[in-house]
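**Student:** I have a structure I would like to understand better, so I am pasting it below and will then ask my questions one at a time.
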Amino acid sequence: MQSQCLKEKPFCFLAHHPCFEVKGLGIDLVSPTRIARLIERYADSSLGLLFTLNELQYCRLASDPNWAYAVCFGAKEAIGKALATGLAEIDWNEIETNPNGQQLTVCLRGQARVRAQKLNIQRWFLNWWHLEAYVLVHAVAIGIVKSGE
């Protein structure tokens, strides 16, 4: 038996103000050591298949490039999961992350953007944590629901 609350529309506290609806969640746990081996093994042209030019530049200039690569990689994985496709239908370069301290921002292009629009995703909240020898990235896809919808 399905819970009645699953059928209800989101509750807005203030009339005429938008409220938020979670459209997707994604989480990924990445080993910077594993990413370091990947970086060492592949040429720059191959890394360009995984990371955008902006991400490559940011990671190379970071105080610990392997951690920076791990954050970008994990963010792409988490966003793919939040889009409910993984990265099966999306090229890695269609998701660009911009780490800025603890806060991550995202720019979607191509099929990633189309998928987000189809799901009515209008905002992203991304965070990452350093957990011993791992990086944990969490992505929340948010849609805005106007009151009365």
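Nothing in this text is a laboratory measurement; each read-out follows from the coordinates by a stated rule. Note that this is a predicted model, so its numbers are computed, not measured. We place every Cβ from the backbone using ideal geometry, glycine too, and count neighbours over all the protein chains shown.
**Student:** Among the GluC sites (Glu not before Pro) within segment 13-105, which fall in a DSSP loop and have no more than 16 other Cβ atoms within 10 Å of their own Cβ?
**Tutor:** Glu89
**Student:** Using the Karplus curve 6.51 cos²θ - 1.76 cosθ + 1.60 with θ = phi - 60°, work out ³J(HN,Hα) for each residue of segment 126-139 in order, rounded to whole Hz, and write x for Gly and Pro.
**Tutor:** 10, 9, 9, 9, 8, 10, 6, 9, 9, 10, 10, 10, 10, 10
**Student:** When averaged across all projection directions, what area in nm² does the alpha-carbon convex hull of segment 80-149 cover?
**Tutor:** Mean shadow area of the hull around the Cα atoms is 5.8 nm².
**Student:** Restrict the search to segment 45-127; then list the trypsin sites (Lys or Arg not before Pro) that DSSP places in a loop and that have at most 15 other Cβ atoms within 10 Å of their Cβ.
**Tutor:** When the trypsin sites (Lys or Arg not before Pro) of segment 45-127 are filtered for loop state and at most 15 Cβ neighbours within 10 Å, Arg109 remain.
**Student:** What fraction of the Cα pairs in segment 36-140, stated in percent, has a spacing above 23 angstrom? Working shown, then result.
**Tutor:** On the way: 1228 of 5460 pairs.
Of the Cα pairs, 22 percent sit more than 23 Å apart.
**Student:** Which cross-chain or sequence-distant (5 or more) residues have an amide H under 5 Å from the amide H of Phe20, H modelled 1.01 Å from N in plane?
**Tutor:** Answer set, sorted by chain and number: Val145.
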